[in-house]
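Take a look at the structure set out below.
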Amino acid sequence: MSEPLLRATNLVKEFPIMGTGGLLRRPATFRAVDDVSFEIRAGETLALVGESGSGKSTTARLAARLLDVTSGTVELDGEDVTGLGRSELRRFRSEVQVVFQDPFSSLNPRHTVERIVTAPLTYQQRTVPGGARAFTRSLMERVGLDPDHSQKYPAQFSGGQAQRIGIARALAVGPRVVVCDEAVSALDVSVQAQVINLLRDLQREEGLTYLFIAHDLAVVRQIATRVAVMTQGQIVEEGDRDSVFGAPRHEYTRKLLDAVPRIRPEWERQRRANAARSAGAPA
Amino acid sequence: MTATTSDALLEVRDLTVTFQTPRGPLDAVRSLDLDLEPGGALGIVGESGSGKSMTSLAIMGLQPRAARRTGSVRLLGRELVGMSEPDLRRVRGDRVAMVFQDPLSSLNPYYTVGLQIEEAYRAHRPGVTRREARRVAVEALERVHIRDAARRVNHYPHQFSGGMRQRVMIAMALSTEPELLIADEPTTALDVTVQAQILDLLQEIRRETGTGLVLITHDLAVVSEITDHIVVMKDGVCVERGPVERIFTRPQHPYTRALLDAVPRIDDEIGELRAVTPGSAVVPDQVVPTNGGPA
Amino acid sequence: MPRFLLSRVTSGLGVLLLVCLFTYLVFFALSPDPAVQICGKNCTPELIDQIRGNLGLDQPFWTQFVQFVVGIFAGRTYGEGVSAVDCAAPCLGYSFQSSQAVWDMIVQRLPVSATVAVGAAVLWLLAGLAGGLLSAVKEGTFADRFITGLTLTSMSIPNYVLALVLQYVLVVKLQWLPFPQAVPFADDPVQWFLNFVMPWMVLAIGYAAAYTRLTRANVLDVLRENYVRTAFAKGLPPSLVWRRHALRPALTPVVTIFGMDFAGLLGGALITETVFGINGVGKMAADSIARNDQPVIMGVTLLAGFLVVVGNIVVDVVYTTIDPRVRVNA
């Protein structure tokens with residue numbers, strides 16, 4: 001058993017409730033994440049699934065150190081990173097990157113692709129290997145974008161392409177862990193499939209580790225190695241993907257899986273049979 | 001103005017919605033035909049920019065002022081295109097009712113849900129007293145299984161959960177007993193467990209009231225569960241239509257096939273999702289003009 | 001609801017106390033010795049000491065400050081023995097210049113400032129709402145662009161320039177308005193009213209422009225709301241959609257801004273009152289600043305702070321009655 005790359009232990013996050021505090025009175029708090037622990041080994045994908053308000057996104061932000069924990073610890077490679085200050089965080093940021101849900105609102109509309117993807121390196125005061133232009137071109141190729149578009153602006157791309165830019169930006173610093181916070185949720189089905197495939201290819205080729213946050217169980221089935229089901233700030237079930245989907249133990253997991261709309265399996269089988277037949281017998 | 005041939009509930013012919021843009025006219029919907037029998041359920045499926053939402057608005061004559069609508073929309077044989085605004089108003093909300101994607105923003109936060117149901121009812125039943133309208137509102141809430149309806153009727157939209165709000169929208173739509181319910185992505189903003197409940201409710205209403213349903217969605221699994229005919233739209237045009245089973249077992253158009261291949265399945269063994277190969281003209285994931293299509 | 005109100009009032013009092021402390025501190029540190037000022041020409045060191053004693057200026061800062069605050073609530077007595085002066089409950093001290101009680105000075109002038117504020121508020125509300133609505137309904141047309149141009153122009157003209165131009169045009173050139181003369185309302189109501197017309201206009205124009213922009217933006221935002229689309233989809237008549245679903249949400253934020261603006265103005269319009277020679281709180285403030293009349297400046301500052309705090313609380317209370325989301329969450 002190898003050591004986990006990213007480990008979260010007893011994470012708790014409380015938010016003050018608006019309007020409950022006074023001049024001297026402490027505001028009441030809402031516990032968004034309530035004693036959550038998980039481990040991710042290098043090269044695997046842990047999916048945090050849950051409905052809105054389950055605390056999955058907050059958990060992801062705690063793990064990526066975008067939010068400070070109320071209590072609990074986050075460890076990267078065995079090193080406690082919970083208390084890192086601003087300058088020490090820089091090193092952490094080059095190991096752990098985040099891809100967000102809405103590609104357009106998380107990309108600066110006034111910057112070119114080149115400026116966007118090299119910005120993380122610039123912030124960390126690192127030199128851009130091989131120069132900005134060549135570096136950007138190779139990154140764009142890696143995420144399946146046309147390198148000739150490196151001087152374009154986010155608005156000139158479609159949603160799927162913009163999300164590829166988001167992924168390229170995350171990869172620019174050479175991270176080991178990528179946190180995908182509903183990274184494919186806003187995309188159309190056909191585009192979503194492409195981005196999922198891209199994420200899987202990147203993992204296979206470069207050994208990336210993912211913390212994948214999603215509400216869509218079907219998407220999770222396509223990408224996760226392990227699945228943790230969250231509700232009301234807690235993880236109620238965690239296990240290998242196939243065991244969680246195939247033999248869910250917790251009642252909430254079963255309820256969640258039952259609720260997912262499905263195309264009838266017999267229709268699906270027929271369609272594939274028909275498709276195979278027409279492919280096998282060219283007209 | 002009599003019904004031409006059939007006793008169809010909805011008969012749309014050659015429906016076109018055109019926007020004037022600086023670069024010339026742009027069809028958000030082009031030459032669309034739709035047919036729905038009384039009590040039937042029609043699914044309109046498409047990705048963003050396919051024109052499916054514009055279609056639902058255009059049926060009601062609610063397309064943006066900047067858009068031009070041509071073609072024919074017949075509801076129970078009555079032509080709606082070219083009808084005077086006051087006459088159209090009598091159809092909207094009475095014979096045809098709509099449910100939208102985001103129930104929170106679709107309800108006015110300043111008024112109780114009771115008032116918002118009552119005004120829909122009273123707009124089409126002149127002379128009805130407030131008490132009568134209130135009774136109808138409570139009954140409508142009960143029909144969509146909102147518990148304690150007599151008390152809840154006095155609550156404001158923000159006091160309901162997402163799923164309950166969508167029930168309120170459906171209650172409001174049903175208060176006038178319309179022949180046709182148009183639901184535009186009614187479950188997209190909802191959690192999956194809540195989505196299942198709302199879809200069950202829509203099914204139940206169809207069974208019990210015989211209301212016709214046009215369901216607009218991007219979600220193939222959703223249409224496969226609750227509609228009997230499907231229209232697949234892309235770039236404002238219908239690319240394929242047919243009975244639901246035929247579409248899902250023997251899709252004809254390459255776009256429909258690509259779409260079905262791309263859907264991630266929860267009950268499927270893992271494998272490469274067959275995303276459309278780059279270079280194929282089928283799926284538009286290329287640089288698009290910044291102004292995009294009309295929302 | 002009462003709890004909500006109570007917490008607002010306590011925090012309001014806290015704010016006022018801070019305003020008090022801050023102004024007191026500034027004047028304590030910066031102003032020249034008031035005793036010398038009061039003493040005048042025939043001054044002796046003994047006299048100065050005596051004045052200091054009477055005013056409590058020989059006490060340390062905190063003692064003076066506490067005495068001042070206590071004076072506001074409970075009144076205080078200056079000096080001792082025969083020369084003692086009783087200053088009744090809302091005691092803000094006496095003017096160094098006129099030896100009048102500051103509180104009395106304020107009470108005397110407040111109605112004048114209120115008249116200026118109310119008249120201006122009526123004007124700017126009418127003009128701002130009408131202009132904003134018209135602009136929104138006719139979005140993109142010539143009327144809309146014209147109104148937008150007008151608002152931008154009027155927002156960029158300083159009040160004192162506007163006042164002088166208006167005076168020149170309306171009184172001197174066109175002679176539509178008589179030359180302002182100080183008359184009590186009872187003697188000549190018409191002249192009294194006409195005296196106020198120009199100040200009202202000058203004050204209102206800037207606000208009216210801002211309210212036009214605000215109303216226009218709000219109405220356009222609300223018209224794009226999904227619930228307006230729902231209202232049309234329900235088949236409601238357009239008049240009802242406008243009245244019920246567009247205007248109320250669009251105008252609610254205007255209430256907030258109006259409460260604050262109006263409260264601020266009640267405490268005196270410094271420039272306008274000075275330019276037009278209106279004897280209100282604003283002019284009094286300007287005069288007292290020019291003469292370094294510390295107690296009066298303190299009094300006016302406190303009054304302005306008080307009005308803003310009260311305005312804030314009133315706006316909050318009004319808001320809870322018109323916006324159900326705030327009501328229930330409070």
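FYI, it's all coordinate maths here, none of it is from the lab. Computed from a predicted structure; not experimentally measured. Ideal geometry is used to build each Cβ from the backbone, glycine not excepted, and the neighbour counts take in all protein chains shown.
Couplings for region A:224-237, taken from phi via the Karplus curve 6.51 cos²θ - 1.76 cosθ + 1.60 with θ = phi - 60°, read 7, 9, 10, 10, 10, 9, 10, 8, 6, x, 10, 8, 9, 8 Hz in order; Gly and Pro are left as x. Which entries of A:Lys255/B:Lys52; A:Lys56/A:Lys255; A:Lys13/A:Lys255; B:Lys52/C:Lys234 have Cα-Cα distances beyond 29 Å here? Where the Cα-Cα span goes over 29 Å, the pairs concerned are A:Lys255/B:Lys52. Separation of region C:167-193 and region C:99-165, taken as the distance between their Cα centroids, equals 20 angstrom. Cysteine residues of the protein assembly as shown whose C-beta has no other cysteine C-beta under 4.7 angstrom: A:Cys180, B:Cys238, C:Cys20.
Summary of the geometry: region B:22-52 and region B:65-105, compared by the centres of their Cα atoms, lie 14 Å apart. Distance distribution note for chain B: the fraction of Cα pairs above 36 angstrom is 18%. For chain B, a Gaussian network of Cα nodes joined below 10 Å ranks B:Val73, B:Val91, B:Val168 by mean-square fluctuation, and the top entry is B:Val91. Hydrodynamic radius of region B:68-168 by the Kirkwood approach over all distinct alpha-carbon pairs: 15.1 Å.
Under the 0.36 nm per residue contour assumption, what length would be gained going from the current alpha-carbon distance of C:Gln191 and C:Gln108 to full extension?
Additional length available on full extension: 27.8 nm.
Helices in chain A, meaning DSSP H runs of at least 4 residues, each add -39500 (n - 2.57). Divided by all residues, the mean residue ellipticity at 222 nm is -11500 deg cm²/dmol.
How many angstrom lie between the Cα centre of region A:121-193 and the Cα centre of region C:225-252? That distance is 43 Å. When chain C is treated as a GNM with alpha-carbon contacts under 10 Å, the residue of C:Lys283, C:Lys234, C:Lys173 showing the greatest mean-square fluctuation is C:Lys234.
Kindly provide the Kirkwood hydrodynamic radius of region B:106-258 in Å, to one decimal, from all pairs of distinct alpha carbon atoms.
16.9 Å
In the distance distribution for region C:128-196, Cα-Cα pairs more than 14 Å apart total 71 percent. Its Cα gyration tensor gives chain A an equivalent ellipsoid; the semi-axes, largest first and in whole Å, are 31, 29, 18.
The mean count of C-beta atoms from other chains within 10 Å of the C-beta of residues in B:97-110, rounded to a whole number, is 5.
Given Cβ point charges of +1 (Lys, Arg) and -1 (Asp, Glu) and nothing else, what value in debye, to the nearest 20, does the dipole of region C:175-315 about its Cα centre take?
The calculated dipole for region C:175-315 is roughly 940 debye.
Between A:Glu206 and C:Leu126, the modelled label-to-label distance comes to 6.8 nm, taking each label 7 Å out from Cα in the direction of the beta carbon.
Evaluate chain C: find the radius of gyration of its Cα atoms, find its Kirkwood radius, and give the ratio Rg to Rh.
Rounded to two decimals, Rg/Rh equals 1.07.
Computed from the alpha carbon atoms alone, the convex hull of region B:120-189 holds 92 Å³ per residue. Please say if region C:240-309 is rounded, prolate or oblate, where rounded means a/c under 1.5 for a ≥ b ≥ c the square roots of the C-alpha gyration tensor eigenvalues, and otherwise the choice is prolate for a/b larger than b/c and oblate otherwise? Prolate, since a/c reaches 1.5 and a/b exceeds b/c.
Mean-square fluctuations from a GNM of chain A, with a 10 angstrom spring cutoff on Cα atoms, peak among A:Lys152, A:Lys255, A:Lys13 at A:Lys255.
Starting from the Cα of B:Lys234, draw a straight line to each of the aspartates and glutamates and keep only those under 19 Å, dropping any in the same chain fewer than 8 residues away. Of all the aspartates and glutamates, those that pass the test against B:Lys234 - Cα under 19 Å, at least 8 places apart if same chain - are A:Asp188, B:Asp14, B:Asp27, B:Asp33, B:Asp35, B:Glu47, B:Asp184, B:Glu185, B:Asp219, B:Asp261, B:Asp285. Counting every pair of alpha carbons in the protein assembly as shown, the share spaced more than 54 Å apart comes to 32 percent.
Taken over the C-alpha atoms, region C:32-91 has Rg and Dmax values of 12.3, 35 angstrom.
Taking 25 °C and 0.890 mPa s as conditions, region A:75-155 diffuses translationally at an estimated 171 µm²/s according to Stokes-Einstein applied to its Kirkwood radius (Cα pairs). In plain terms, the bigger the Kirkwood radius, the slower the diffusion; for region A:79-235, with that radius from Cα pairs, at 25 °C and 0.890 mPa s, Stokes-Einstein puts D at 150 µm²/s. Distances between placed amide hydrogens fall under 5 Å for B:Ser50 paired with B:Asp235, all partners being 5 or more residues away or on another chain.
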